[in-house]
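*Asks:* The structure is given below, and queries will be raised subsequently.
The values are calculated or read from the model by the stated rules, or taken from the named source; none is laboratory data. Note that the structure is a prediction, hence the values are computed from the model and not measured. Positions of Cβ are backbone-derived with ideal geometry, glycine not excepted, and every protein chain shown enters the neighbour counts.
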Amino acid sequence: MKLSINSFYLLLLICLSFELPCQNVSITNIIAENFTTSESDLLEIKFNETLPNLPFVVAWQDSAGRQYAQQYLTNDNKLIIPMAQQSGWSGKLLMVGMSIADEATIRSISFSDHWNNFISMRGMTPGSVNFTSPYFFKNYSLRFICFCLVFILFALFFIINKRVYLSLLFGFLISWLVYDSRNIYNRWDIMNNLAQQDYEIYIFKDIDIFLKEAREIIGDKSWSKEPLSGVINSYCTYKLADLEYKSKRYDNPNEADFIITTKPKKREIVYQHNSYFLISQNSDK
Amino acid sequence: MSLIAVILHICVDILCGLLVLRLLKDTEWQLFTIVKALAIGMMVDTLFVGSFSFFGLSILASFILFSIINIGLFGVFYKKLNLSWSDKLLKGRVSIWEGLLLVFILEKLVWSIYSLIKLPVYFDDALNHWSGRGKALLYSVNWSWDPASPLFMGKAFGHEQYPLFASIWRATNTSITGSPDGFIERVDGLLMWVIIVISIATWINEVSGKRWLGIVGASILSCLPLEAWHITAGYVEIYMQAYLILALWGIFNGKYVFAGLMTAALIWSKNEGLILFVPTLTLCLFFTLLLNRDLDLAKKAKLFANYKLTWISIISPWILFKLFKGIGFTIPGNSDIGYVDGTLKLFGYAMFDNPSSSFFWAFILIGIIISSSRIIKDKKLLPIAAGAFTLLAMMLFVFTSTGAHVFLENQMTIHRSLLQIAPVFIVLVCLSLVGEKTKLKEVQKEFL
């Protein structure tokens, strides 16, 4: 792309103003310039072939004509850049540039993107019982939107009936139900999603298959396990709680007849399913 | 088969609870009576089964013995129970607005049943401490009552310091069915949620005389973002919610023996019951009796003793067992007491700036501030407010000045701990914001 005079001065400004920990940004390739995104506050940039963690620069202009620039790093996927958090952002992008030759697709995030982000599923994780995920519409959290709604409804009700306490309760109640509606949608979304996988919890899929067969092999003998990944440790002990267990914490796992592990080393494998191995220790005794 | 096992288990527990309520001369037959009976029955059941299991009887045999005793006693005392149906919650037609709120409550019920049937036990603490140890106890091969054994109290599966209420109830369920599954392993959470919802609605209805306000309270609780997860998670925080609200109801309604039973259940559910809620409930009782000018000092002392002796006598075998076997009352960790820098700010964020409780606590705070003059003047509301704030102060102390501050920093337990005290704040705010004269028709006319 041909450099305009404007962009040339801007590049100079960027090159002088940035000092990276290991290198200066040397911009030789302007990917886009004078890109007006109007009201949108998010930019989606998708590079074609660029490797991750390479610096690129985004520059923009405020309504008074002052220019700003910020450096980012590329990644494997598309980048969503929240521009509203940047000082001087008024919707006018001056240029996006980087040091190597590549092309990128740049587009401003539309209302439907915000909506899709808002209604996208927040999946069930081992942490879902401790805290819940936030919902955002553009840069506003749903709880902020609903909290504002409390006061709007409160004011509305108060104008009608002049009763402070009752108006506050009803303002809160309706906003609370609105907030819950989003949680309801998410919970059923999770269930629908799981229904498509025949209610199989993804992280338990392999260990479930493994334990079903391992249980038959262990029979009335004892078992132990080496560290597995996260909640799978607990799931494994829970599933085999009816078989004699030699825990590492209170027993000597070497006394167990079988060991469940993901690292078999050079031991005798009696059963394997994907990354899970059942090791026999009988030969060691 | 699972469903039959669960229904059978629940029925036996309700029978047991009704017998205890008969002893307490509580014979007004209503939805709340069944809920109270279930809460009492589950506790007595697990204490009974746990004790007999300790003496060598199997879980199933202990439960059969418990059932025979209960059915026998119920047969003998059936006529003397003299139950008269007078339910204010179920009286009258459900208005469209009450119906709308009930939809939000029933959605939790439907979702919970659906996910209990379809999903396995998934969350860590349920897999370890509650269902995991329950399974170890049931199948005996990984369980011992001897502190010298590496299998003592199923410690290979979860903390041996934790009480056994949920574990024994789940083990009993499994023993009736013959094999464990996700539904019977966690259905107790659903029962506890039903207890909480009906208790909140009844308490608010009793004080205000407004069913719609009771339903408002129940729906606020049900819509808490973490609540639905806890119905099915298999954690015991929901036990604490249920027994705490019932214990407070007992204290503020002069049912001190009942409150004592519920306090025992709190201790039997989780260690917080003894460490956190016993001092708080004692303070609440003290404050309630102090405000009561109709009673003389001797009578007040008697009522205070009734409460204390009830929970002490019920739960003392468990406490003595712990003392003699050298089991701690808390899990090992940093036990230093003293304010930890920055935790107050974190506590504030956890309450007011977190999606886990969303803007619930902000509303509670605003509601209490603007109705504070009403709370101070009202003899019914002041003790509830004192109780609620004592609970909050205790939480604040634990998370800012003890080793538990790490669970505030990593957000592991802070939100579920706050969930435990949410019901009492809901009762307080609903009652303080709505005057006694407000009727639903009047509200509908004004707002809707």
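*Asks:* How many residues does segment A:60-95 contain that are assigned to a loop (DSSP other than H, G, I, E, B), of a type in the set (A, V, I, L, M) and touching a Leu at 6+ places or on another chain (Cβ under 8 Å)?
*Replies:* First, the residues of segment A:60-95 that are assigned to a loop (DSSP other than H, G, I, E, B): A:62-66, A:74-78, A:86-91.
When the remaining residues are screened for being of a type in the set (A, V, I, L, M), the result is A:64.
Adding the requirement that they be touching a Leu at 6+ places or on another chain (Cβ under 8 Å) leaves none.
Total satisfying the criteria: 0.
*Asks:* Residue check: is B:LYS300 free of Cβ contacts under 8 Å to residues at least 12 places away in the same chain and in contact with a Leu (Cβ under 7 Å, 6 or more places away or on another chain)?
*Replies:* Working: free of Cβ contacts under 8 Å to residues at least 12 places away in the same chain: yes; in contact with a Leu (Cβ under 7 Å, 6 or more places away or on another chain): yes.
Considered against the rule, which asks whether it is free of Cβ contacts under 8 Å to residues at least 12 places away in the same chain and in contact with a Leu (Cβ under 7 Å, 6 or more places away or on another chain), B:LYS300 comes out as yes.
*Asks:* Oh, and also: Scan segment A:226-248 residue by residue and report those that are more than 18 Å from A:PHE210 (Cβ to Cβ) and more than 7 Å from chain B (Cβ to nearest Cβ). Step through it out loud before you land on a result.
*Replies:* Taking segment A:226-248 as the starting set, the residues that turn out to be more than 18 Å from A:PHE210 (Cβ to Cβ) are A:244, A:246-248.
Hits for segment A:226-248 are A:LYS246, A:LYS248.
*Asks:* Here is a follow-up. Go through segment B:401-424 and count every residue that is touching a Gly at 6+ places or on another chain (Cβ under 9 Å) and of a type in the set (Ser, Thr, Tyr).
*Replies:* Qualifying residue count, segment B:401-424: 2.
*Asks:* Let me confirm something: among B:PHE32, B:PHE63, which residue is surrounded by 14 or more Cβ atoms within 10 Å (Cβ to Cβ), farther than 28 Å from B:TYR256 by Cβ and either touching a strand residue (DSSP E or B) at 6+ places or on another chain (Cβ under 9 Å) or among the aromatic types (Phe, Trp, Tyr) (or both)?
*Replies:* Numbers: B:PHE32 fails: farther than 28 Å from B:TYR256 by Cβ.
Testing whether each residue is surrounded by 14 or more Cβ atoms within 10 Å (Cβ to Cβ), farther than 28 Å from B:TYR256 by Cβ and either touching a strand residue (DSSP E or B) at 6+ places or on another chain (Cβ under 9 Å) or among the aromatic types (Phe, Trp, Tyr) (or both) leaves just B:PHE63.
*Asks:* May I pose another question? Hey, can you tell me all the residues within segment B:141-150 that are surrounded by fewer than 24 Cβ atoms within 10 Å (Cβ to Cβ) and at the interface with chain A (Cβ under 9 Å from one of its Cβ atoms)?
*Replies:* Residues satisfying the conditions are B:VAL141, B:SER149, B:PRO150.
*Asks:* Moving on. Does B:TRP130 qualify as being part of a helix (DSSP H, G or I), within 11 Å of chain A (Cβ to nearest Cβ) and under 17 Å from B:GLN241 (Cα atoms)? Write out each step before concluding.
*Replies:* Numbers: part of a helix (DSSP H, G or I): yes; within 11 Å of chain A (Cβ to nearest Cβ): yes; under 17 Å from B:GLN241 (Cα atoms): yes.
Criteria met by B:TRP130.
*Asks:* I would also like to ask the following. Could you look through segment B:222-237, keep only residues that are assigned to a loop (DSSP other than H, G, I, E, B) and more than 7 Å from every other protein chain (Cβ to nearest Cβ), and pick out the one that is modelled with the lowest pLDDT?
*Replies:* As a first pass, look at segment B:222-237 and keep what is assigned to a loop (DSSP other than H, G, I, E, B): B:223-226, B:234-236.
If we keep only those that are more than 7 Å from every other protein chain (Cβ to nearest Cβ) as well, we get B:224, B:234, B:236.
On the way: B:LEU224: 97, B:GLY234: 93, B:VAL236: 96.
Within segment B:222-237, the match that is modelled with the lowest pLDDT is B:GLY234.
*Asks:* Go through segment A:252-272 and give me each residue that's surrounded by fewer than 17 Cβ atoms within 10 Å (Cβ to Cβ) and not β-branched (Val, Ile, Thr).
*Replies:* Within segment A:252-272, A:ASN252, A:ASN254, A:GLU255, A:LYS263, A:PRO264, A:LYS265, A:LYS266, A:ARG267, A:GLU268, A:GLN272 qualify.
*Asks:* Within segment A:165-207, how many residues are under 30 Å from A:GLU226 (Cβ atoms), touching a residue at least 12 places away in the same chain (Cβ under 8 Å) and charged (D, E, K, R)?
*Replies:* Here the count works out to 1.
*Asks:* Let me ask you something else. Does B:SER140 qualify as being at pLDDT below 95 and among the small types (Gly, Ala, Ser)? Lay out the reasoning, then the answer.
*Replies:* Values: at pLDDT below 95: yes; among the small types (Gly, Ala, Ser): yes.
Yes.
*Asks:* Let me ask another. Restricting segment A:154-211 to residues that are at the interface with chain B (Cβ under 8 Å from one of its Cβ atoms), surrounded by fewer than 16 Cβ atoms within 10 Å (Cβ to Cβ) and among the β-branched types (Val, Ile, Thr), which is farthest from the chain's Cα centre (by Cα)?
*Replies:* Among them, the one singled out is A:ILE160.
*Asks:* Confirm whether B:TYR307 is without any contact (Cβ under 8 Å) to a residue 60 or more places away in the chain and closer than 28 Å to B:GLY214 by Cβ.
*Replies:* On the way: without any contact (Cβ under 8 Å) to a residue 60 or more places away in the chain: yes; closer than 28 Å to B:GLY214 by Cβ: yes.
Judged against the criteria, B:TYR307 is a match.
*Asks:* Residue check, B:GLY154 against (1) crowded, with 24+ Cβ neighbours inside 10 Å; (2) touching a residue at least 24 places away in the same chain (Cβ under 8 Å), all met but one. Which one?
*Replies:* The number of the failed condition is (2).
*Asks:* Would you please name the residue that is nearest to the other protein chains (Cβ to nearest Cβ), looking only at residues in segment A:212-225 that are surrounded by 23 or more Cβ atoms within 10 Å (Cβ to Cβ) and among the small types (Gly, Ala, Ser)?
*Replies:* A:SER224
*Asks:* Which members of segment A:136-165 meet the condition of being in contact with an Asp or Glu (Cβ under 8 Å, 6 or more places away or on another chain) and under 16 Å from B:CYS430 (Cα atoms)?
*Replies:* A:ARG163
*Asks:* Also, I was wondering about something else. Quick one: which helices (runs of 4 or more DSSP H) lie wholly within segment B:345-423 and hold at least 3 residues that are closer than 22 Å to A:LEU166 by Cα? I'd like the intermediate steps shown before the answer.
*Replies:* Details: elements: B:360-370, B:372-377, B:381-401, B:405-409.
Of the helices (runs of 4 or more DSSP H) lying wholly inside segment B:345-423, those with at least 3 residues that are closer than 22 Å to A:LEU166 by Cα span B:360-370, B:372-377, B:381-401.
*Asks:* I've got another one for you. Take the conditions at pLDDT below 95, surrounded by fewer than 19 Cβ atoms within 10 Å (Cβ to Cβ) and assigned to a helix (DSSP H, G or I) and apply them to B:LEU8. Does it pass? Reasoning before the result, please.
*Replies:* Values: at pLDDT below 95: yes; surrounded by fewer than 19 Cβ atoms within 10 Å (Cβ to Cβ): yes; assigned to a helix (DSSP H, G or I): yes.
When the stated conditions are applied, B:LEU8 passes them.
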